[in-house]
Ligand code: ADP
């Protein structure tokens with residue numbers, strides 16, 4: 001059976017940390033689907049179209065990668081798209097403490113395993129919230145985001 005990982009997130013914006021997790025995931029899975037979450041009650045900094053276009057630009061010729069959007073439960077997206085695993089990145093214990101109950105509940109609900117990968121240590125500190133704050137204050141984000149020109 002093909003192993004297909006869903007990498008869900010808001011990616012507001014998609015950083016070099018996210019990109020690193022995707023590239024590592026592509027080494028392990030037959031296919032990776034970057035699933036951009038759309039929550040109608042949540043305010044995003046970057047419009048959905050911009051986020052999708054930017055993510056696409058980071059992987060111009062990558063086979064076995066799909067970019068999709070989803071609303072609602074990640075496990076429903078997985079069922080509807082044949083995903084066998086959920087992929088998440090772990091930066092620190094704060095990420096772990098947040099992710100652990102979600103992964104366990106997703107497994108109980110749908111039998112889907114979550115695979116956690118660590119990024120390159122140089123990318124560990126990158127955080128979408130801080131990237132947004134830098135941008136709002138007129139700073140440069142090239143060190144943290146590939147093709148940042150696609151976003152601004
Ligand atoms: P969410 O809104 O679901 O937290 P994010 O867009 O912030 O989504 O992140 C999606 C996933 O990427 C999460 O698993 C998060 O831990 C991981 N991630 C975010 N930044 C990094 C980074 N610098 N290195 C590795 N993983 C990261």
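The values are calculated or read from the model by the stated rules, or taken from the named source; none is laboratory data. The structure displayed is predicted, hence computed values, not measured ones. All Cβ positions, glycine included, derive from the backbone under ideal geometry; neighbour counts span all protein chains shown.
What do you reckon, is residue 133 without any contact (Cβ under 8 Å) to a residue 40 or more places away in the chain, within 15 Å of the ligand (Cβ to nearest atom) and out of contact with any helix residue (DSSP H, G or I) (no Cβ under 8 Å at 6 or more places or on another chain)?
yes
List the number of the failed condition for residue 83; all other conditions in (1) over 21 Å from residue 116 (Cβ atoms); (2) assigned to a loop (DSSP other than H, G, I, E, B) hold.
The failed condition is (1).
Only one of 87, 73 is modelled with pLDDT of 95 or more and surrounded by fewer than 16 Cβ atoms within 10 Å (Cβ to Cβ). Can you tell me which?
Going through 87, 73 in turn, the sole match is 73.
From the residues in the stretch 1-41 that are in a loop (DSSP other than H, G, I, E, B) and within 10 Å of the chain's Cα centre (by Cα), which one is nearest to residue 152 (Cα to Cα)?
Taking the candidates together, the pick is 13.
Can you name every residue in the stretch 66-82 that is farther than 11 Å from residue 35 by Cα and in contact (Cβ under 8 Å) with a residue 40 or more places away in the chain?
Correct list: 82 only.
Could you check the stretch 1-42 and list, in sequence order, the residues that are more than 13 Å from residue 87 (Cβ to Cβ) and more than 13 Å from the ligand (Cβ to nearest atom)?
1, 2, 40, 41
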